[in-house]
Amino acid sequence: MLMPILQVNSEDIPEYAVVCGDPKRAEVISGKLDDVRELAFSREYRTFVGTYQGVKLAVTSHGVGSPGAAVCFEELIRAGAKTLIRVGTAGSYHADIPAGSLVVSTAAVRTDGLTRQLVPDGFPAVADSEVAEALYESALSIGEGVVRKGITVTLDVFFNGVEKVPHQKYKAAGALGVEMEIAALYVVAAIRGVRAGAIVAMDGFADADLAAEYDPNTNVVADAVEREINAALQAVVKLAK
Ligand code: R1X
């Protein structure tokens, strides 16, 4: 069956999927696979399939923000994906988790608008514990940089408007950082009965003024993205065993 937005056929989608925001990053990840095939490049959704150490997987970009990303997660699941892992970037809340650090998201605060339209208030957005553990162990085994696991915040706003996001409160409550899609992934996975996890590379500090300070295009961030991609692929192999 053809998925209407991703433009991929369900027969081509394996049980494992690695998802990322950026279509260019999807191409980079696909470069690490054997027997790669590009299935489609539709809107912001670029999909490849291939194998990594013998395990079949799809790699799909989901774009920026929860509503669009949820379309990607939903269609991958409808097409047959049973384990989804997001590799992404996030802003850090803590000086000891600087740019270049990796964080495995064990749960996400649902400050996005989308998941409120999917599930009732209070419903948690949580990672599958096996997927989170596989990601954490794989990231640690790479042996470089800061690796942490914990709660992340998912919001919709990227550049501040008039209202201020209460980052200090999330930080005080123990969240490690903030990004824009993980809650959608965890909630969609819960509703559909599949497992999901996420690892993010910190690309700066979230409470800085993004417009003035934000520069995710550094070697430190690129190295961390490379490490999180390798960790995600190793986690897929661990989970498939
Ligand atoms: O998740 C956030 C969003 O997809 C973090 O980085 C992206 C914007 O650059």
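Read-outs: derived from the displayed coordinates by stated rules, not from any lab. Note that the coordinates shown come from a computational prediction; the quantities given were computed from them, not determined experimentally. When we count neighbours, we look across all protein chains shown, and the Cβ atoms used for this are built from the backbone with ideal geometry, even at glycine.
Identify, by number, the condition in (1) in contact with a Leu (Cβ under 7 Å, 6 or more places away or on another chain); (2) farther than 22 Å from Lys241 by Cβ; (3) of a type in the set (A, V, I, L, M) that Ala99 doesn't meet. It fails just one condition, (1). Listed here are the strands (runs of 3 or more DSSP E) enclosed by region 1-107 that have at least 1 residues being of a type in the set (Phe, Trp, Tyr) and within 27 Å of Asn219 (Cβ to Cβ): 45-52. The residue list Tyr170, Tyr186 contains one member that is within 16 Å of the ligand (Cβ to nearest atom), surrounded by 15 or more Cβ atoms within 10 Å (Cβ to Cβ), under 23 Å from Asp96 (Cβ atoms) and hydroxyl-bearing (Ser, Thr, Tyr), which is Tyr170. If you go through region 158-167 and keep only what is surrounded by 15 or more Cβ atoms within 10 Å (Cβ to Cβ) and assigned to a loop (DSSP other than H, G, I, E, B), you end up with just Val165. Would region 217-238 turn up any residue that is away from the ligand (no atom under 15 Å from the Cβ) and assigned to a loop (DSSP other than H, G, I, E, B)? Within region 217-238, none of the residues are away from the ligand (no atom under 15 Å from the Cβ) and assigned to a loop (DSSP other than H, G, I, E, B).
Of all residues in region 138-166, those that are touching a residue at least 12 places away in the same chain (Cβ under 8 Å) and within 16 Å of the ligand (Cβ to nearest atom) have Cβ atoms under 7 Å from Cβ atoms of residues that are among the acidic types (Asp, Glu) and part of a loop (DSSP other than H, G, I, E, B), 6 or more apart or on another chain, in Thr154/Asp112; Thr154/Glu181; Leu155/Asp112; Asp156/Asp112. Hey, Arg43 hits all of (1) among the basic types (Lys, Arg); (2) within 16 Å of the ligand (Cβ to nearest atom); (3) crowded, with 18+ Cβ neighbours inside 10 Å but one; which does it fall short on? Every listed condition holds for Arg43 apart from (3). A single member of Gly204, Gly150, Gly145 is surrounded by fewer than 24 Cβ atoms within 10 Å (Cβ to Cβ), part of a loop (DSSP other than H, G, I, E, B) and small (Gly, Ala, Ser), and it is Gly145. If you go through region 174-201 and keep only what is in contact (Cβ under 8 Å) with a residue 60 or more places away in the chain and assigned to a loop (DSSP other than H, G, I, E, B), you end up with Ala175, Leu176, Met180, Glu181, Val194.
Residue pairs whose Cβ atoms lie under 9 Å apart, separated by 6 or more positions or on different chains, with the first residue in region 224-237 and of a type in the set (Lys, Arg) and the second surrounded by fewer than 19 Cβ atoms within 10 Å (Cβ to Cβ) and in a helix (DSSP H, G or I), are Arg227/Ile142.
Restricting attention to region 60-79 and to residues that are among the hydrophobic types (A, V, I, L, M, F, W, C) and more than 16 Å from the ligand (Cβ to nearest atom), the residue that is surrounded by the most Cβ atoms within 10 Å (Cβ to Cβ) turns out to be Leu76. Scanning region 81-116 for residues that are in contact with a Pro (Cβ under 7 Å, 6 or more places away or on another chain) and surrounded by fewer than 24 Cβ atoms within 10 Å (Cβ to Cβ), we see that the one that is nearest to Ala139 (Cα to Cα) is Thr89. Quick one: would you say Ser101 is more than 14 Å from the ligand (Cβ to nearest atom), in contact (Cβ under 8 Å) with a residue 60 or more places away in the chain and in contact with a strand residue (DSSP E or B) (Cβ under 9 Å, 6 or more places away or on another chain)? Spelling it out, Ser101 is indeed more than 14 Å from the ligand (Cβ to nearest atom), in contact (Cβ under 8 Å) with a residue 60 or more places away in the chain and in contact with a strand residue (DSSP E or B) (Cβ under 9 Å, 6 or more places away or on another chain).
Contact map, region 57-72: first residue within 16 Å of Ala90 (Cα to Cα) and of a type in the set (A, V, I, L, M, F, W, C), second residue near the ligand (Cβ under 10 Å from one of its atoms) and part of a strand (DSSP E or B), Cβ cut-off under 7 Å, separation 6 or more or different chains; the map is empty. Set side by side, the residues Val28, Val49, Val119, Val126 differ, and just one is within 16 Å of the ligand (Cβ to nearest atom) and hydrophobic (A, V, I, L, M, F, W, C), which is Val28.
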